[in-house]
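Right, one structure below, let's go through it.
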Amino acid sequence: VTLALVDGAGQPLGPSLAVKQATVQLQTCNADQSPEAVEANVRFGDEIHLENYILTQEGRQAQLTLSWRGLRPMSTDYTIFVHVFDPITGSIVLQADAMPYQGWRPTTLWWPGDPQVDNNTVISLDGVTPGRYGIALGVYDAATGNRLPATDGQGRSITDGRFVLERTVEVK
């Protein structure tokens with residue numbers, strides 16, 4: 001790694017400084033290589049594609065790994081909502097909202113086409129009545145509250161921009 005101070009035209013303003021040598025190895029990270037990954041193939045607006053997810057559960061704690069891909073440069077830092085709901089009544093029993101990577105990698109920093117594998121969504125099921133529950137998620141602009149519209153892999157609109165996962169959680 002070499003540091004240099006340059007002017008607006010990119011011309012050096014003094015000598016450069018070699019800080020350290022580094023070897024960079026590019027490696028693609030795809031959650032879909034995992035046998036637990038479930039294909040989602042959902043687009044949120046024309047900005048974000050949810051490729052797949054992994055839902056695991058240990059006791060009263062569930063972890064959701066979401067494999068995203070930005071479709072274009074974004075000017076909004078979107079928030080992801082996760083609903084835990086009663087599949088019979090549709091009532092939401094728990095909601096968790098957070099920016100991807102718990103805010104460490106907002107969507108405005110996503111490079112179009114690059115995979116974004118976010119395994120930071122941990123859902124505590126403490127206080128939830130025993131039973132089986134569905135999980136749904138969506139994407140919205142926290143500044144306005146507006147959800148991005150969602151479409152499935154065939155281009156069909158998903159009601160209320162809320163994608164319901166195939167997998168469920170069970171609280172004992």
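Some values worked out for this structure:
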item: Percentage relative contact order, the chain, counting C-alpha pairs under 8 Å, at least six apart; result: 21
item: Net length gained if the chain between residue 95 and residue 46 were fully extended (0.36 nm per residue, minus Cα distance); result: 15.2 nm
item: Accessible surface of the chain [probe 1.4 Å, protein heavy atoms]: carbon and sulfur percent; result: 50
item: For the chain, fraction of C-alpha pairs farther apart than 21 Å, in %; result: 55
item: Coil-residue chymotrypsin sites (Phe, Trp or Tyr not before Pro) of the stretch 98-135, DSSP, other Cβ within 10 Å capped at 13; result: 104
item: Using a Förster distance of 22 Å, the FRET efficiency for residue 71-residue 119 (Cβ separation, nearest 0.05); result: 0.55
item: Pairs of alpha carbons in the stretch 65-108 whose separation is greater than 13 Å (percent); result: 64
item: Solvent-accessible heavy-atom area per residue, rounded to whole Å², over the stretch 80-172 at 1.4 Å; result: 55
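The values are calculated or read from the model by the stated rules, or taken from the named source; none is laboratory data. From a predicted model like this one, the values you see are computed outputs, not experimental measurements. A quick note on method: Cβ atoms are made from the backbone with ideal geometry, for glycine too, and the neighbour counts reach across all protein chains shown. In case anyone asks, the SASA skips ligands and DNA or RNA and just uses the protein heavy atoms, side chains included. Shrake-Rupley method; radii C 1.70, N 1.55, O 1.52, S 1.80 Å.
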